[in-house]
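The values are calculated or read from the model by the stated rules, or taken from the named source; none is laboratory data. Fair warning: this is a prediction, and the values are worked out from it, not measured in the lab. FYI the Cβ positions are ideal-geometry reconstructions off the backbone, even for glycines, and counts take in every protein chain you see. Please note that ligands, DNA and RNA were not included when accessible areas were found on the heavy atoms of the full protein model with its side chains. Shrake-Rupley method; radii C 1.70, N 1.55, O 1.52, S 1.80 Å.
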Amino acid sequence: ETKPRTPVIWVHGLECTCCSESFIRSAHPLAKDVVLSMISLDYDDTLMAAAGHQAEAALQDTIEKYKGNYILAVEGNPPLNEDGMFCIVGGKPFVEQLKHAAEHAKAVISWGACASYGCVQAAKPNPTRATPVHKVITDKPIIKVPGCPPIAEVMTGVITYMLTFDRLPELDRQGRPAMFYSQRIHDKCYRRPHFDAGQFVEAWDDENARKGYCLYKMGCKGPTTYNACSTVRWNEGVSFPIQSGHGCIGCSEDGFWDHGSFYNRV
Ligand code: SF4
Ligand code: SF4
Ligand code: F3S
(Lines give C-alpha, C1' and ligand atoms only; values in the text may rest on other atoms or scores of the structure.)
(Ligands and ions follow the chains in the order given, each with its own letter.)
Protein backbone atom coordinates (compact mmCIF):
# COMPACT_ATOMS: atom_id res chain seq x y z
CA GLU A 1 0.00 0.00 0.00
CA THR A 2 2.97 2.29 0.56
CA LYS A 3 4.65 1.35 -2.73
CA PRO A 4 4.29 3.99 -5.48
CA ARG A 5 1.99 2.84 -8.25
CA THR A 6 3.76 1.76 -11.44
CA PRO A 7 3.25 4.32 -14.20
CA VAL A 8 1.68 2.99 -17.40
CA ILE A 9 1.55 4.70 -20.77
CA TRP A 10 -1.12 3.15 -23.03
CA VAL A 11 -0.92 4.12 -26.68
CA HIS A 12 -3.26 3.37 -29.58
CA GLY A 13 -2.30 2.73 -33.19
CA LEU A 14 -4.36 1.12 -35.94
CA GLU A 15 -7.01 -0.77 -33.98
CA CYS A 16 -10.71 -0.94 -33.14
CA THR A 17 -10.45 -0.14 -29.37
CA CYS A 18 -12.15 -3.39 -28.34
CA CYS A 19 -9.03 -4.42 -26.42
CA SER A 20 -9.78 -1.43 -24.16
CA GLU A 21 -13.46 -2.42 -24.19
CA SER A 22 -12.47 -5.87 -22.98
CA PHE A 23 -10.06 -4.54 -20.34
CA ILE A 24 -12.63 -2.29 -18.67
CA ARG A 25 -14.86 -5.34 -18.12
CA SER A 26 -12.36 -7.22 -15.96
CA ALA A 27 -14.05 -8.55 -12.83
CA HIS A 28 -11.07 -10.24 -11.09
CA PRO A 29 -9.48 -7.83 -10.40
CA LEU A 30 -11.98 -5.10 -11.20
CA ALA A 31 -10.67 -2.77 -13.91
CA LYS A 32 -11.32 0.22 -11.63
CA ASP A 33 -9.03 -1.27 -8.97
CA VAL A 34 -6.29 -1.80 -11.55
CA VAL A 35 -6.56 1.75 -12.85
CA LEU A 36 -7.14 3.53 -9.53
CA SER A 37 -5.13 1.45 -7.05
CA MET A 38 -2.61 -0.79 -8.80
CA ILE A 39 -1.16 1.26 -11.67
CA SER A 40 -0.91 4.93 -12.43
CA LEU A 41 -2.42 5.24 -15.91
CA ASP A 42 -0.65 8.45 -16.79
CA TYR A 43 -1.46 8.49 -20.49
CA ASP A 44 -4.19 6.69 -22.44
CA ASP A 45 -5.66 8.76 -25.24
CA THR A 46 -8.87 6.69 -25.12
CA LEU A 47 -9.55 6.78 -21.38
CA MET A 48 -7.96 10.03 -20.18
CA ALA A 49 -9.89 13.22 -19.53
CA ALA A 50 -7.20 15.41 -21.09
CA ALA A 51 -7.08 16.01 -24.83
CA GLY A 52 -4.92 17.79 -27.37
CA HIS A 53 -1.80 19.58 -26.09
CA GLN A 54 -2.66 18.73 -22.47
CA ALA A 55 -2.64 15.02 -23.30
CA GLU A 56 0.63 15.25 -25.22
CA ALA A 57 2.17 17.09 -22.29
CA ALA A 58 1.09 14.29 -19.93
CA LEU A 59 2.83 11.78 -22.20
CA GLN A 60 6.04 13.76 -22.29
CA ASP A 61 5.99 14.45 -18.54
CA THR A 62 5.56 10.75 -17.76
CA ILE A 63 8.41 9.71 -20.05
CA GLU A 64 10.76 12.27 -18.53
CA LYS A 65 9.76 11.70 -14.91
CA TYR A 66 9.81 7.90 -14.96
CA LYS A 67 12.56 7.06 -17.46
CA GLY A 68 13.21 3.32 -17.36
CA ASN A 69 10.44 2.70 -14.84
CA TYR A 70 7.15 2.80 -16.71
CA ILE A 71 5.33 0.09 -18.63
CA LEU A 72 4.31 0.85 -22.20
CA ALA A 73 1.03 -0.81 -23.20
CA VAL A 74 0.33 -0.80 -26.93
CA GLU A 75 -3.08 -1.38 -28.47
CA GLY A 76 -3.01 -1.55 -32.26
CA ASN A 77 0.00 -1.32 -34.51
CA PRO A 78 1.89 1.22 -36.62
CA PRO A 79 1.33 1.33 -40.38
CA LEU A 80 4.70 1.95 -42.04
CA ASN A 81 3.73 2.75 -45.63
CA GLU A 82 3.80 6.41 -46.74
CA ASP A 83 6.03 7.28 -43.76
CA GLY A 84 3.34 6.16 -41.34
CA MET A 85 0.75 8.66 -42.55
CA PHE A 86 -2.16 6.19 -42.25
CA CYS A 87 -2.29 6.64 -38.47
CA ILE A 88 -1.71 10.10 -37.01
CA VAL A 89 -1.69 10.83 -33.26
CA GLY A 90 -1.08 14.32 -31.94
CA GLY A 91 -0.23 15.50 -35.46
CA LYS A 92 2.51 12.91 -36.01
CA PRO A 93 2.65 9.38 -37.38
CA PHE A 94 1.83 6.86 -34.65
CA VAL A 95 5.08 5.01 -35.31
CA GLU A 96 6.98 8.07 -34.02
CA GLN A 97 4.94 8.18 -30.81
CA LEU A 98 5.47 4.43 -30.36
CA LYS A 99 9.25 4.62 -30.77
CA HIS A 100 9.46 7.69 -28.55
CA ALA A 101 7.43 6.12 -25.74
CA ALA A 102 9.26 2.77 -26.04
CA GLU A 103 12.72 4.28 -25.77
CA HIS A 104 12.62 4.63 -21.98
CA ALA A 105 10.03 1.95 -21.12
CA LYS A 106 11.08 -0.91 -18.89
CA ALA A 107 8.80 -3.34 -20.73
CA VAL A 108 6.22 -3.30 -23.51
CA ILE A 109 2.87 -5.08 -23.49
CA SER A 110 1.37 -5.78 -26.92
CA TRP A 111 -2.36 -5.95 -26.33
CA GLY A 112 -4.37 -8.07 -28.70
CA ALA A 113 -3.93 -9.45 -32.18
CA CYS A 114 -3.30 -6.00 -33.67
CA ALA A 115 -0.23 -5.21 -31.59
CA SER A 116 0.99 -8.82 -31.38
CA TYR A 117 0.54 -9.94 -34.97
CA GLY A 118 -1.04 -7.22 -37.13
CA CYS A 119 -4.65 -8.54 -37.22
CA VAL A 120 -7.13 -7.51 -39.92
CA GLN A 121 -5.30 -4.37 -41.03
CA ALA A 122 -2.22 -6.52 -41.76
CA ALA A 123 -4.26 -9.12 -43.71
CA LYS A 124 -3.30 -9.52 -47.36
CA PRO A 125 -2.65 -7.26 -49.21
CA ASN A 126 -1.97 -5.06 -46.15
CA PRO A 127 -2.14 -1.76 -48.06
CA THR A 128 -0.86 0.38 -45.16
CA ARG A 129 1.91 -2.10 -44.19
CA ALA A 130 0.49 -2.46 -40.71
CA THR A 131 3.31 -3.99 -38.68
CA PRO A 132 3.30 -5.75 -35.30
CA VAL A 133 4.99 -3.93 -32.44
CA HIS A 134 7.90 -6.38 -31.99
CA LYS A 135 9.01 -5.76 -35.57
CA VAL A 136 9.37 -2.04 -34.85
CA ILE A 137 10.57 -2.12 -31.22
CA THR A 138 13.41 -4.61 -31.06
CA ASP A 139 15.41 -3.62 -27.98
CA LYS A 140 12.83 -4.04 -25.19
CA PRO A 141 11.20 -7.01 -23.50
CA ILE A 142 7.80 -7.44 -25.18
CA ILE A 143 4.91 -9.44 -23.78
CA LYS A 144 2.36 -10.44 -26.39
CA VAL A 145 -1.19 -10.83 -25.10
CA PRO A 146 -2.99 -11.92 -28.27
CA GLY A 147 -6.70 -12.35 -28.92
CA CYS A 148 -9.19 -10.17 -30.73
CA PRO A 149 -9.63 -8.94 -28.09
CA PRO A 150 -7.77 -10.72 -25.28
CA ILE A 151 -9.86 -11.92 -22.33
CA ALA A 152 -10.28 -9.13 -19.77
CA GLU A 153 -8.99 -11.19 -16.83
CA VAL A 154 -5.99 -12.29 -18.90
CA MET A 155 -5.12 -8.62 -19.49
CA THR A 156 -5.46 -7.63 -15.85
CA GLY A 157 -3.86 -10.93 -14.78
CA VAL A 158 -0.71 -10.09 -16.75
CA ILE A 159 -0.55 -6.63 -15.16
CA THR A 160 -1.22 -8.03 -11.68
CA TYR A 161 1.61 -10.54 -12.09
CA MET A 162 4.06 -7.88 -13.24
CA LEU A 163 3.20 -5.57 -10.34
CA THR A 164 3.16 -8.28 -7.69
CA PHE A 165 6.43 -9.97 -8.61
CA ASP A 166 8.15 -7.02 -10.29
CA ARG A 167 9.18 -9.20 -13.20
CA LEU A 168 7.79 -10.40 -16.51
CA PRO A 169 5.65 -13.52 -16.49
CA GLU A 170 7.18 -16.64 -18.03
CA LEU A 171 6.79 -16.36 -21.79
CA ASP A 172 6.51 -19.06 -24.44
CA ARG A 173 8.53 -19.15 -27.67
CA GLN A 174 6.18 -16.63 -29.25
CA GLY A 175 6.47 -14.22 -26.32
CA ARG A 176 3.05 -14.96 -24.80
CA PRO A 177 2.53 -15.47 -21.03
CA ALA A 178 2.68 -19.25 -20.61
CA MET A 179 0.16 -19.19 -17.76
CA PHE A 180 -2.63 -18.20 -20.20
CA TYR A 181 -1.41 -19.43 -23.60
CA SER A 182 0.15 -22.85 -22.99
CA GLN A 183 -2.96 -24.87 -23.81
CA ARG A 184 -5.19 -25.10 -26.84
CA ILE A 185 -8.88 -24.27 -26.65
CA HIS A 186 -9.46 -27.90 -27.71
CA ASP A 187 -7.51 -29.28 -24.71
CA LYS A 188 -10.09 -28.03 -22.18
CA CYS A 189 -13.19 -27.60 -24.37
CA TYR A 190 -16.35 -28.94 -22.74
CA ARG A 191 -17.43 -30.32 -26.17
CA ARG A 192 -14.27 -32.43 -26.36
CA PRO A 193 -16.03 -35.71 -25.39
CA HIS A 194 -18.17 -35.29 -28.53
CA PHE A 195 -15.05 -34.80 -30.64
CA ASP A 196 -13.53 -37.94 -29.17
CA ALA A 197 -16.76 -39.84 -29.81
CA GLY A 198 -16.96 -38.66 -33.43
CA GLN A 199 -20.14 -36.65 -32.80
CA PHE A 200 -20.13 -33.51 -34.95
CA VAL A 201 -22.42 -30.68 -35.95
CA GLU A 202 -22.86 -31.09 -39.74
CA ALA A 203 -24.92 -27.95 -40.50
CA TRP A 204 -25.86 -24.80 -38.57
CA ASP A 205 -28.96 -25.50 -36.53
CA ASP A 206 -29.09 -29.20 -37.26
CA GLU A 207 -30.13 -31.70 -34.62
CA ASN A 208 -26.50 -32.23 -33.60
CA ALA A 209 -26.06 -28.49 -33.03
CA ARG A 210 -29.02 -28.57 -30.68
CA LYS A 211 -27.40 -31.45 -28.83
CA GLY A 212 -24.21 -29.42 -28.38
CA TYR A 213 -21.95 -31.69 -30.44
CA CYS A 214 -18.44 -30.74 -31.52
CA LEU A 215 -18.06 -27.85 -34.00
CA TYR A 216 -14.91 -29.14 -35.70
CA LYS A 217 -16.65 -29.84 -39.02
CA MET A 218 -18.09 -26.32 -38.97
CA GLY A 219 -14.54 -24.93 -39.02
CA CYS A 220 -13.72 -24.70 -35.30
CA LYS A 221 -10.03 -23.80 -34.88
CA GLY A 222 -9.89 -24.85 -31.21
CA PRO A 223 -7.42 -27.68 -31.96
CA THR A 224 -4.79 -25.22 -33.22
CA THR A 225 -5.53 -22.15 -31.06
CA TYR A 226 -3.63 -21.34 -27.86
CA ASN A 227 -5.73 -19.25 -25.47
CA ALA A 228 -7.55 -19.49 -22.14
CA CYS A 229 -11.14 -19.21 -23.41
CA SER A 230 -12.20 -22.74 -22.51
CA THR A 231 -10.90 -22.35 -18.94
CA VAL A 232 -11.10 -18.66 -17.94
CA ARG A 233 -14.04 -17.96 -20.32
CA TRP A 234 -15.55 -14.51 -20.93
CA ASN A 235 -17.88 -12.16 -19.09
CA GLU A 236 -16.85 -13.25 -15.62
CA GLY A 237 -16.51 -16.85 -16.70
CA VAL A 238 -20.03 -17.07 -18.12
CA SER A 239 -19.31 -18.35 -21.63
CA PHE A 240 -16.99 -18.33 -24.65
CA PRO A 241 -17.57 -18.54 -28.42
CA ILE A 242 -17.93 -22.33 -28.58
CA GLN A 243 -20.36 -22.34 -25.65
CA SER A 244 -22.41 -19.77 -27.56
CA GLY A 245 -22.67 -22.15 -30.52
CA HIS A 246 -19.93 -20.92 -32.85
CA GLY A 247 -16.57 -22.49 -33.47
CA CYS A 248 -13.35 -20.78 -32.42
CA ILE A 249 -11.94 -18.67 -35.28
CA GLY A 250 -8.43 -18.73 -33.83
CA CYS A 251 -8.44 -15.04 -32.99
CA SER A 252 -5.34 -15.32 -30.79
CA GLU A 253 -3.20 -16.93 -33.50
CA ASP A 254 -0.79 -15.18 -35.83
CA GLY A 255 -2.38 -14.27 -39.17
CA PHE A 256 -5.80 -15.76 -38.43
CA TRP A 257 -7.49 -13.54 -41.02
CA ASP A 258 -5.36 -15.02 -43.81
CA HIS A 259 -5.55 -18.60 -42.61
CA GLY A 260 -9.12 -19.30 -43.61
CA SER A 261 -10.47 -19.11 -40.11
CA PHE A 262 -13.95 -18.00 -41.08
CA TYR A 263 -16.43 -20.72 -42.03
CA ASN A 264 -13.72 -22.80 -43.63
CA ARG A 265 -15.31 -26.20 -43.11
CA VAL A 266 -13.37 -29.45 -43.05
FE1 SF4 B 1 -9.77 -4.54 -31.87
FE2 SF4 B 1 -9.00 -7.07 -32.18
FE3 SF4 B 1 -7.27 -5.11 -32.56
FE4 SF4 B 1 -8.07 -5.59 -30.10
S5 SF4 B 1 -6.90 -7.01 -31.40
S6 SF4 B 1 -7.93 -3.55 -31.04
S7 SF4 B 1 -10.19 -6.24 -30.47
S8 SF4 B 1 -9.12 -5.50 -33.82
FE1 SF4 C 1 -12.29 -29.02 -30.17
FE2 SF4 C 1 -13.75 -27.06 -31.28
FE3 SF4 C 1 -14.80 -29.48 -30.97
FE4 SF4 C 1 -14.34 -27.92 -28.84
S5 SF4 C 1 -15.83 -27.53 -30.48
S6 SF4 C 1 -13.88 -30.11 -29.02
S7 SF4 C 1 -12.43 -26.92 -29.48
S8 SF4 C 1 -13.03 -28.94 -32.29
FE1 F3S D 1 -10.90 -16.16 -29.94
FE2 F3S D 1 -11.28 -18.76 -30.17
FE3 F3S D 1 -11.31 -17.65 -27.82
S4 F3S D 1 -12.12 -17.17 -31.49
S5 F3S D 1 -12.18 -15.64 -28.20
S6 F3S D 1 -9.56 -17.77 -29.21
S7 F3S D 1 -12.57 -19.33 -28.49
- Lone cysteines, the chain (no partner Cβ under 4.7 Å): CYS16, CYS18, CYS19, CYS87, CYS189, CYS214, CYS220, CYS229, CYS248
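Please state the shape class of segment 1-101: rounded when a/c is under 1.5, otherwise prolate if a/b exceeds b/c and oblate if not, all from the C-alpha gyration tensor. Show your work: numbers first, answer last.
Working: a/c = 2.15, a/b = 1.42, b/c = 1.51.
Note, shape of segment 1-101 comes out oblate.
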- For the chain, with all protein chains present and a 1.4 Å probe, just round the carbon and sulfur fraction of the accessible area to a whole percent. 52
- Message: Restricting to Cα pairs below 8 Å that are 6+ residues apart, what does the relative contact order work out to for segment 1-140? Please round to a whole percent.
- Response: 28
- Message: Which residue, VAL74, PRO150, MET48, has the largest displacement toward the positive end of the dipole of the chain when charges sit on each Cβ (Lys, Arg +1; Asp, Glu -1)?
- Response: PRO150
- Report the antiparallel proportion of the DSSP beta bridges in the chain as a percent, rounded to a multiple of 5. 30
- chymotrypsin sites (Phe, Trp or Tyr not before Pro) restricted to DSSP loop in segment 142-220 with at most 14 other C-beta within 10 Å: TYR190, TRP204
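Find the accessible area per residue for segment 174-239; the probe is 1.4 Å, ligands and nucleic acids are left out, and the unit is Å².
Details: 3370 Å² over 66 residues.
Result: 51 Å² of accessible area for each residue.
Rolling a 1.4 angstrom probe over the protein heavy atoms, how many square angstrom per residue are accessible across segment 47-133?
45
By the scheme Lys and Arg +1, Asp and Glu -1, what is the net charge of all other residues having a beta-carbon under 13 Å from that of PRO241? If you can, show how the numbers build up before the last one.
On the way: positive: ARG191, LYS221, ARG233; negative: none.
It works out to a net charge of +3.
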- Item | Whole-number percent relative contact order across the chain, with pairs defined as alpha carbons under 8 Å at least 6 apart | 17
- Message: Taking loop as defined by DSSP and a crowding limit of 11 other beta carbons within 10 Å, which GluC sites (Glu not before Pro) in segment 81-170 fit?
- Response: GLU170
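How would ARG176, ARG210, ARG129 line up by accessible area, probe 1.4 Å, largest first?
Heavy-atom accessible area, descending, gives ARG210, ARG129, ARG176.
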- Each label point is 7 Å from the Cα along the Cα-to-Cβ direction; what then is the distance between the points at THR2 and ARG167, in nm? 2.5
